[in-house]
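The values are calculated or read from the model by the stated rules, or taken from the named source; none is laboratory data. What you are looking at is a predicted structure, and each value in this text was computed from that prediction instead of being measured. Using ideal geometry, Cβ is built from the backbone for each residue, glycine included, and neighbour counts are taken over all protein chains shown. Note: accessible area is taken over every heavy atom of the protein model, side chains too, but ligands, DNA and RNA are not part of it. Shrake-Rupley method; radii C 1.70, N 1.55, O 1.52, S 1.80 Å.
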Amino acid sequence: MPSKNVKEPFVFILFGASGDLAKLKIFPALYEFALQHRFPEDFWIYGYARSEMTTEEFKKSFENSVREKFGDETNESALEKLLLHIDYFQGQYNAPADYKKLLDTLKKDSPEGTPLIAYYSVPPTAFNDISINLSPFKEHFDMRLTIEKPFGGDEATARDMFAILEEHFDEDNVYLLDHYLGKESVQSILSMRYTNSIINHLLKGQLIEYIQITSFEPFGIKERGRYFNEVGIIKDMVQSHLLQLLALVTMSMPNHLNAESVHREKYHILSALTFNPEKFLLLGQYDNYTKEKDIPEDSKTETFAALKLCIDQTDWAKVPIYIRTGKMMNRKSTYITIVLKKLSFQESIKGLKSNKLIIELQPEGHVYFKITNKRGGTYHEYHQMSPSESLACFGDDCLPEHGRLLLDVMNGERIHFLSFNEVIACWHFIDKVLKEAENQNIPLKKYSDGSEGPDGEIEFLDPIRKWHQI
Ligand code: NDP
């Protein structure tokens, strides 16, 4: 039996239901809920978009996206039953009359207080219109606005977006979704820290020599050229995904594992991020980037970044943190390496390597320690052992990232979402990084497609360290 179901009837409205994210992620996730019997008896799923489509055509597009993902393994009966709950509503995002019609329709079926999940699967330019026009719905529904990153394009635009949301809703009504936080392996960071003193005691600034976070993708920008070229990899990857990982490993563990406490502790870290402007950033662009679709020949957008930063708090003040991320790299790999300090007597042991805690997030989730022991026999030689545990989900209770998070929204659970403050703090830091990069006119280094990024980048950031390889 699945561990978590949706018990109460709900309404789900997918804005931008004609788009890519809907087809690639949301429809298959809803199908998996149905397959795993997670839905209550009564629920209503509406696709909302401007495109002209009948309900039958919308159902067909839903069905096609499920079949594309699950092929011959599609469960016909689960899909058929789910399609009975699905409808399409054609409307503009900025037309109050369309929302009024929608509200009147929804009110007929659902009693007052029914949760209404509004999923913003549209470009950010449409976010504010949707928020404003959904305002009257709160008189009847328990609103849960689910907004996928990017949350604005800098601190100022994020603040504007949150100001509009706060004019019409409470922050508790808003679920800011970063899909990284729906990954099984990422969610494990929090649960491992909460349940294991051994890990939690090690994650203290006084014990750590440095932290490295690597996130490589072996492909380029796919169909997202226009978007990516405007933002670059620092905004696309570091601003939310990788700073969230950093916050999860460095924050103080609250006594209670609830949304408010976790958001507060993450914010303490994210609002203290800083950097020393000397040799803090290296930028790269893969050789064939400007030959990609929708990319201008003279584009100066970075597709690789390596950044050295620190946390300006007493406990973490002397711990360097290195983040590197790139597209078109030699492998798919996301992992965090936490290197522990050696004790003074260990410094004198020749060849002794530092202990490491490694949390591997992609392609496979694993957590392991690198601990050192003497080799068997009479030689004084040391080697590293790696007790390892998978962080993957096995069995029939697993859900993809968007599914994990959507299930939380349906159950009103906010722990794996971001607070407004966290997002503002991240933008504040990233805006400073980008401003300094511009002031220093940091050059863009070319790197070969399928490589490790620009040559010599770690030596540039720090002459004594190497990137930990897995
Ligand atoms: P799309 O560009 O496919 O847009 C989704 C739908 O929004 C379109 O089908 C269209 O529907 C409507 N739309 C398109 N342009 C505009 C516009 N200028 N103004 C108003 N409506 C418009 O986006 P995606 O589906 O790829 O992504 C949706 C959101 O999720 C975006 O915010 C994106 O940044 C974010 N995201 C997407 C990811 C992905 O993998 N695709 C990954 C992570 C985040 P219609 O014209 O029928 O109304």
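Restricting things to alpha carbons, find the Rg to Rh ratio for the stretch 1-90 using the Kirkwood radius for Rh.
Numbers: Rg = 12.6 Å, Rh = 13.3 Å.
Looking at the stretch 1-90, the ratio lands at 0.95.
Kindly state, as a whole number, the per residue volume in cubic angstrom of the convex hull around the alpha carbon atoms of the stretch 147-226.
196 Å³
Evaluated at 4 °C with a viscosity of 1.567 mPa s, what Stokes-Einstein diffusion coefficient in µm²/s does the stretch 201-254 have when Rh comes from the Kirkwood expression over alpha-carbon pairs?
96 µm²/s
DSSP loop (so not H, G, I, E, B), at most 14 other Cβ within 10 Å: list which GluC sites (Glu not before Pro) in the stretch 309-393 pass both filters. All intermediate terms of the calculation are to be shown ahead of the outcome.
Values: sites: E347, E360, E364, E381, E389; in loops: E364, E381.
Taking the stretch 309-393 and a limit of 14 other Cβ atoms within 10 Å, the loop GluC sites (Glu not before Pro) found are E364, E381.
For the chain, return all DSSP H helices satisfying: extent of Cα atoms along own axis at least 18 Å; mean Kyte-Doolittle hydropathy at least -0.5.
Those that pass (Cα extent of 18 Å or more, hydropathy at least -0.5) are 155-168, 420-440.
Per the helix-only calculation at 222 nm, which mean residue ellipticity applies to the chain, given -39500 (n - 2.57) for every DSSP H run of n ≥ 4 and division by its residues, nearest 500 deg cm²/dmol? Intermediate values should be presented prior to the final figure.
Values: 15 runs with 156 residues, N = 470.
Calculated mean residue ellipticity at 222 nm is -10000 deg cm²/dmol.
Quick one: pull the percentage of alpha-carbon pairs in the stretch 90-216 with a separation above 20 Å.
59 percent
Which percent, nearest 5, of DSSP beta bridges in the chain are antiparallel?
Percentage antiparallel, nearest 5: 50.
Using the C-alpha atoms of the stretch 355-470, what convex hull volume per residue, in cubic angstrom, is computed?
Expressed per residue, the convex hull around the Cα atoms of the stretch 355-470 is 220 Å³.
Might you list the cysteines of the chain that have no disulfide-compatible partner by the rule of another cysteine's Cβ under 4.7 Å?
C310, C426
Computed on alpha carbon atoms, what radius of gyration and Dmax characterise the stretch 173-289, expressed in Å?
16.5, 49
Ranked by accessible surface with a 1.4 Å probe, highest first, in what order do K370, K350, K222, K25 come?
K350, K222, K25, K370
Please work out the Cα center distance from the stretch 1-72 to the stretch 408-467, rounded to the nearest Å.
For the stretch 1-72 versus the stretch 408-467, the Cα centre distance is 34 Å.
Which one of F304, V339, P320 has its Cα pushed farthest toward the positive end of the charge dipole of the stretch 286-367, where Lys and Arg give +1 and Asp and Glu give -1 at the Cβ?
V339
Cross-link candidates for K374: which lysines have Cα within less than 21 Å, leaving aside residues fewer than 8 places away along the same chain?
K341, K342, K350, K353, K356
Placing unit charges on C-beta atoms (Lys and Arg positive, Asp and Glu negative, everything else neutral), compute the dipole magnitude of the stretch 232-377 about its Cα centre in debye, rounded to 20.
With only Lys, Arg, Asp and Glu charged at Cβ, the dipole is about 880 debye.
Just to be sure I understand the curve: with the Debye formula and one point per C-alpha of the stretch 280-325, what is log10 I(q)/I(0) at q = 0.16, 0.18, 0.22, 0.29 Å⁻¹?
Scattering profile of the stretch 280-325, log10 relative to I(0): -0.56, -0.62, -0.75, -0.99.
What do you reckon, how do H140, H85 stack up by accessible area (1.4 Å probe), largest on top?
These residues rank, largest area first, as H85, H140.
Which loop-located chymotrypsin sites (Phe, Trp or Tyr not before Pro) does the stretch 186-264 contain, where loop means any DSSP state but H, G, I, E or B and the Cβ has at most 11 other Cβ atoms within 10 Å? Walk me through the numbers on the way to the answer.
Working: sites: Y194, Y210, F216, F219, Y227, F228; in loops: F219.
In loop regions of the stretch 186-264 (DSSP not H, G, I, E or B), the sparsely surrounded chymotrypsin sites (Phe, Trp or Tyr not before Pro) are F219.
Need the full-extension length gain, N64 to T290, defined as separation in residues times 0.36 nm minus the C-alpha distance. One decimal, nm. Please report the intermediate quantities before stating the final value.
Values: separation 226, 0.36 × 226 = 81.36 nm, distance 3.36 nm.
My answer for the length gained is 78.0 nm.
Based on the Cα atoms of the chain, what semi-axes does the equivalent ellipsoid have, where each is the square root of 5 times one gyration tensor eigenvalue, given in whole Å with the largest first?
41, 26, 22
Rounded if a/c is under 1.5, else prolate if a/b is larger than b/c, else oblate: which is the stretch 127-190, with a ≥ b ≥ c the root eigenvalues of its Cα gyration tensor?
Taking the square roots of the gyration eigenvalues as a ≥ b ≥ c, the stretch 127-190 is oblate.
Using a 1.4 angstrom probe, figure out how much accessible area the chain has per residue, in square angstrom, rounded to the nearest whole. Each step should come with its number before you reach the end.
Working: 21780 Å² over 470 residues.
Solvent-accessible surface per residue comes out at 46 Å².
On a C-alpha basis, how far is the centre of the stretch 89-137 from the centre of the stretch 147-193 in Å? Whole number, if you could?
With the stretch 89-137 and the stretch 147-193 each reduced to a Cα centre, they are spaced 20 Å.
With no solvent and one equal point scatterer per Cα, compute the Debye intensity ratio I(q)/I(0) for the stretch 232-325 at 0.13, 0.23 Å⁻¹ and report its log10, rounded to two decimals.
-0.55, -1.15
May I ask you to give the percent of accessible area on the chain that is carbon plus sulfur, with a probe radius of 1.4 Å?
Values: 10660 of 21780 Å².
The nonpolar share, carbon plus sulfur, comes to 49 percent.
First obtain the Kirkwood hydrodynamic radius of the stretch 15-161 from its Cα pairs, then insert it into the Stokes-Einstein equation at 4 °C and 1.567 mPa s, and state the resulting D in µm² per second as a whole number.
79 µm²/s
For D172, what accessible surface area do you get with a 1.4 Å probe? Give it in Å², rounded to 10.
That residue has around 110 Å² of solvent-accessible surface.
Hey, which lysines would be in cross-link range of K446, C-alpha to C-alpha under 25 Å, not counting anything within fewer than 8 residues on its own chain?
K446 reaches K222, K235, K279, K291, K293, K300, K308, K327, K332, K432, K435, K466.
P(r) tail for the stretch 277-419, what percent of Cα pairs lie past 18 Å?
Summing the P(r) of the stretch 277-419 above 18 Å gives 76 percent of all pairs.
How much length is gained if the chain between I371 and K318 is pulled fully straight, taking 0.36 nm per residue apart and subtracting their Cα-Cα distance, in nm to one decimal? Walk me through the numbers on the way to the answer.
Working: separation 53, 0.36 × 53 = 19.08 nm, distance 2.33 nm.
Full-extension gain reported as 16.8 nm.
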